[in-house]
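*Asks:* Please find one structure pasted underneath; my questions will follow.
The values are calculated or read from the model by the stated rules, or taken from the named source; none is laboratory data. All of these numbers come straight from a predicted model, not from anything done at the bench. Neighbour counts run over all protein chains shown; Cβ positions are idealised from the backbone, glycine included.
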Amino acid sequence: MKHLASQWNKHKYPYLFIAPAVVLLTVFSIIPIVIALVISFTNMDLMGLADYSNIKGVGLSNYINLFKDPVFLKSIYNTAFYVFIGVPLVVAAALGIALLLNYGTSWLFKSFRVVYYMPSITNIVAVAVVWGYLYNGTYGLFNYILSWFGLPAQQWLQDPTLAKLSLILLAFWKAIGLNMIIFLAALQGIPRSYYEAAEIDGATGWRKLRYITIPLLGFATFFVVITTLIGWIQFFEEPLVMTKGGPLNATMSMALFIYNNGFQLSNFGYAAAGSFVLFIIIILATLAQFKIQKQEVEY
């Protein structure tokens, strides 16, 4: 016991430093996840919340019914649509803008950094109000611009396909700034001596970009792809505020489906099951990205 006590006194400080984070993580993340997992195997609703005796176990019924629910299946398709279009657009645009802004040091370039970053810190409700006017089918700015070219007005948020693309445009505009800042920080961390050596060897701008910049941005790109991918899989605020999942569930995302069932319909067990399906999809997507990154590093 004396040996254990002496060892503890010697090595206790690292554990004391991480203890607050571990406690917070346990109380606010791990325990709620375990509780939600238990709830996903029950029929818990408002009656069950009021009186726990009304809660009954239903086994895998919630999960089975999920994959029989056409609205949930539609939400999976919509979420995949958002991810496959939105993620590459955001990553490519953020990288491109960061490359352009990295070459300038004047006040104008610094101002544009602020301009591109500002949408990331704006309130989604305020943004939705403004973009709602832009998308208005009668007097919206986008239809007004189309009229300059003799093109017919579009029902941006009423047509199923256009509504999805309209939400992607809004989310793209809002997400690009933060990722641009990450890429810009990574670019400024690349030693100038690499470019000078390449210039001595006669490398052109394209070759410097391909063989120096892009490879050295590997970890920043990996981080941006992971965080952007997770964010788009959890696509929620834009459809909630702009379309409520309509028209005809055309913009219903998995996160919005879970919200509607949990907080609108009070089907807590069913919503918890949906949240764990979403959780598994996020884990699988993240592991796939780690696998791809590991292969690239080994290569």
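*Asks:* Those residues that are in contact with a Phe, Trp or Tyr (Cβ under 8 Å, 6 or more places away or on another chain) and either free of Cβ contacts under 8 Å to residues at least 24 places away in the same chain or more than 16 Å from residue 272 (Cα to Cα) (or both), I need them from segment 42-70; list them, please.
*Replies:* 57, 59, 60
*Asks:* Moving on to the next point. Mind checking which residues of segment 186-210 are touching a residue at least 24 places away in the same chain (Cβ under 8 Å) and either touching a Ser or Thr at 6+ places or on another chain (Cβ under 6 Å) or of a type in the set (Gly, Ala, Ser) (or both)?
*Replies:* Going residue by residue through segment 186-210, those that are touching a residue at least 24 places away in the same chain (Cβ under 8 Å) are 186-188, 190, 209.
Passing the criteria: only 186.
*Asks:* Related question: Just name the residue that is nearest to residue 175 (Cα to Cα) out of those in segment 105-135 that are in a helix (DSSP H, G or I) and of a type in the set (Val, Ile, Thr). It would help to see each step written out before you state the result.
*Replies:* Of segment 105-135, the ones in a helix (DSSP H, G or I) are 107-121, 124-134.
This time we only want the ones that are of a type in the set (Val, Ile, Thr), so: 114-115, 121, 124-125, 127, 129-130.
Values: 114: 14, 115: 13, 121: 10, 124: 11, 125: 15, 127: 13, 129: 17, 130: 17 Å.
Out of the qualifying residues, it is 121.
*Asks:* Looking at 203, 198, 220, which is the one that is within 17 Å of the chain's Cα centre (by Cα) and farther than 23 Å from residue 78 by Cβ? Steps first, please.
*Replies:* Details: 203 fails: within 17 Å of the chain's Cα centre (by Cα); 198 fails: within 17 Å of the chain's Cα centre (by Cα).
When all the criteria are applied, what remains is 220.
*Asks:* Another question, then. Which residues, counting only those in segment 40-59, are of a type in the set (A, V, I, L, M, F, W, C) and at pLDDT 90 or above? Give the steps one after another, and end with the answer.
*Replies:* So in segment 40-59, the residues of a type in the set (A, V, I, L, M, F, W, C) come out as 41, 44, 46-47, 49-50, 55, 58.
The one that is of a type in the set (A, V, I, L, M, F, W, C) and at pLDDT 90 or above: 41.
*Asks:* Select, from 258, 283, the only residue that is part of a helix (DSSP H, G or I) and loosely packed, with under 15 Cβ neighbours inside 10 Å. Spell out how you get there, then give the answer.
*Replies:* Values: 258 fails: loosely packed, with under 15 Cβ neighbours inside 10 Å.
That would be 283, the only listed residue that is part of a helix (DSSP H, G or I) and loosely packed, with under 15 Cβ neighbours inside 10 Å.
*Asks:* Name the single residue that is surrounded by the fewest Cβ atoms within 10 Å (Cβ to Cβ) among those in segment 166-185 being free of Cβ contacts under 8 Å to residues at least 60 places away in the same chain and among the aliphatic types (A, V, I, L, M).
*Replies:* It comes out as 185.
*Asks:* Do we have residue 79 as among the β-branched types (Val, Ile, Thr), in contact with a strand residue (DSSP E or B) (Cβ under 6 Å, 6 or more places away or on another chain) and either modelled with pLDDT of 85 or more or under 17 Å from residue 172 (Cβ atoms) (or both) here? Spell out how you get there, then give the answer.
*Replies:* Details: among the β-branched types (Val, Ile, Thr): yes; in contact with a strand residue (DSSP E or B) (Cβ under 6 Å, 6 or more places away or on another chain): no; either modelled with pLDDT of 85 or more or under 17 Å from residue 172 (Cβ atoms) (or both): yes.
So residue 79 fails the test.
*Asks:* Considering segment 261-280 alone, what residues qualify as being more than 19 Å from the chain's Cα centre (by Cα), loosely packed, with under 15 Cβ neighbours inside 10 Å and either in a helix (DSSP H, G or I) or β-branched (Val, Ile, Thr) (or both)? Even if it seems obvious, please write down each step before you answer.
*Replies:* Residues of segment 261-280 more than 19 Å from the chain's Cα centre (by Cα): 261-273.
So of that shortlist, the ones also loosely packed, with under 15 Cβ neighbours inside 10 Å come out as 263-265.
Matches in segment 261-280: 263, 264.
*Asks:* I would also like to ask the following. Check off (1) under 15 Å from residue 184 (Cα atoms); (2) more than 15 Å from the chain's Cα centre (by Cα) for residue 91 and give me the number that stays unchecked.
*Replies:* (2)
*Asks:* Just to be sure I understand, how many residues within segment 211-240 are in contact (Cβ under 8 Å) with a residue 60 or more places away in the chain, under 23 Å from residue 281 (Cβ atoms) and in a helix (DSSP H, G or I)?
*Replies:* Kept after step one, since they are in contact (Cβ under 8 Å) with a residue 60 or more places away in the chain, are these residues of segment 211-240: 213, 217-218, 221-222, 224-226, 228-229, 232-233, 235, 237-239.
From what is left, the residues that are under 23 Å from residue 281 (Cβ atoms) are 221-222, 224-226, 228-229, 232-233, 235, 237-239.
Going one step further and asking which of them are in a helix (DSSP H, G or I), we end up with 221-222, 224-226, 228-229, 232-233, 237-239.
Within segment 211-240, residues that are in contact (Cβ under 8 Å) with a residue 60 or more places away in the chain, under 23 Å from residue 281 (Cβ atoms) and in a helix (DSSP H, G or I) number 12.
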